[in-house]
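All of the numbers you see were taken from the coordinates with simple rules; none came from a lab. Keep in mind the model is a prediction, meaning the values are calculated, not measured. Every residue, glycine among them, receives a Cβ derived from its backbone with ideal geometry; neighbour counts consider all protein chains shown.
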């Protein structure tokens, strides 16, 4: 009698096609870097409100608006980059979920593949809820975009001249909704951005040798603490800007902004 040889286990898609997985990782990082360009500019505009008043913040909106509200640039820096980043992340997650590396190791007594080690090291560089914060950002960013771009465009025919007065009116007259939306948006955006900023930069501009370098626990602890301090500082600055925007009394388009908020079923 002949003993049947065990059928070899198929490798996970991320291991059978490492080039595809690496390509998705690069696309995810590059799109994050592109969207971050807009996010940083917009964040600075909010902080200006805390430092020099809402009038200065509105002037910064006018100056920077051509950079990210141009029809072509917006499709690259904002909506396009955000969509590509989300899609690349979702595809990568399904690749890993289909055949988790732990399952492969449990069923076969083989040593872990280098790709598995890289994925594990990547996770240690991110905050614990990095992926969750990214998922939370999807509806938050979508609703903010709907509020400040789509609804004004529907009401006025164009949204290019809308300033922080729209948010000011909401903070004063639709307080629970507007404060809740933008506080969560700031918190999730800062958490997600600070968590992945360094890793994104290395993935796009770093060498392969650096990407494969093992992370020492001690250095991670120090860098993790630094990221938390930086994130807390950025978050506080943005919240201070939001408070300044909420306190402004000069809102020339009060009636129009009220009509825009009335278009939302609250």
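For the reader, a short list of remarks on this structure follows.
- Computed from label points 7 Å out along Cα-Cβ, the spacing between residue 223 and residue 79 is 3.6 nm.
- When each of 181, 62, 242, 73 is scored by the number of other beta-carbon atoms lying within 10 Å, the sequence from fewest to most is 62, 73, 181, 242.
- Applying 1/(1 + (r/R0)^6) with R0 = 30 Å to the Cβ-Cβ distance of residue 90 and residue 158 gives a FRET efficiency near 0.35.
- The slack between residue 249 and residue 42, meaning 0.36 nm per residue of separation minus the straight C-alpha distance, is 72.3 nm.
- Each of 203, 149, 128 was scored by other Cβ atoms within 10 Å of its Cβ. Listed from fewest to most, they are 128, 149, 203.
- Applying 0.36 nm per residue to the separation of residue 145 and residue 263 and subtracting their alpha-carbon distance, the gain on full extension is 41.0 nm.
- Ranked by how many other Cβ atoms sit within 10 Å of their own Cβ, fewest first, the residues 47, 78 fall in the order 47, 78.
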